[in-house]
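The values are calculated or read from the model by the stated rules, or taken from the named source; none is laboratory data. As the structure is a computational prediction, the values presented were derived from the model and not from experiment. With ideal geometry, Cβ positions are generated from the backbone for all residues, glycine too; neighbour counts draw on all protein chains shown.
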Amino acid sequence: MDVTLRGWSRDMGTKTIASHDLRSFHISDDARKVIRRSTPGLFRSYGEVSVAWCQTLKSMGEYRMQIDFTKNDVLKLMKASYGRELDVDLLDKGFTLSEALKKKVLSEIKIADLTIGDLAKLGAGSSEPESNTGSVSPLRRRQ
């Protein structure tokens with residue numbers, strides 16, 4: 001994560017005032033967001049993610065502030081925000097599954113280890129209507 005600034009009305013170039021590698025940060029659930037001067041922090045609390053650090057700034061004038069995130073930074077922020085496990089709520093928020101991911105997930109399901117109830121749940125989740133619906137009748141007992 002890079003924090004840069006440049007002059008607003010008198011542009012004298014871009015200056016990097018902070019540069020942190022979020023991959024090395026430990027994700028903390030501390031609601032007070034306590035940091036030490038030498039140790040920056042990445043905090044997850046109350047539905048938000050915060051990055052905090054101590055730094056002396058000596059600048060004059062009005063500056064446009066900008067934080068640039070790399071893909072690794074965004075991944076770390078996603079982990080801090082949603083945890084390590086992808087859940088259905090992400091699909092409800094507009095994310096979709098790629099065909100490659102669907103194949104990967106289905107390849108890890110062992111049909112032999114599933115019960116009939118588990119198989120029924122898998123079929124219940126599909127949105128396609130069944131074309132062959134028949135009636136179920138009890139077995140006749142021999143007399």
Out of the residues in segment 39-57 that are modelled with pLDDT of 85 or more and outside any strand (DSSP E or B), which is surrounded by the most Cβ atoms within 10 Å (Cβ to Cβ)?
Pro40
Restricted to segment 5-38, and to residues that are small (Gly, Ala, Ser) and part of a strand (DSSP E or B), which residue is surrounded by the most Cβ atoms within 10 Å (Cβ to Cβ)?
Ser28
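For (1) within 30 Å of Ser24 (Cβ to Cβ); (2) at pLDDT 85 or above; (3) in a helix (DSSP H, G or I), each residue gets a yes or a no:
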site	(1), (2), (3)
Leu77	yes, yes, yes
Leu86	yes, no, no
Ile109	no, no, no
Leu119	no, no, yes
Leu122	no, no, yes
Ser126	no, no, no
Ser135	no, no, no
Arg140	no, no, no
Please give the number of the condition Gly61 fails out of (1) outside any loop (DSSP other than H, G, I, E, B); (2) at pLDDT below 85.
(1)
Log entry, pairs with first residue in segment 21-46 being touching a residue at least 40 places away in the same chain (Cβ under 8 Å), second being part of a strand (DSSP E or B), beta carbons closer than 6 Å, six or more apart or on different chains, reads Phe25/Leu42; Ile27/Leu42; Ile27/Arg44
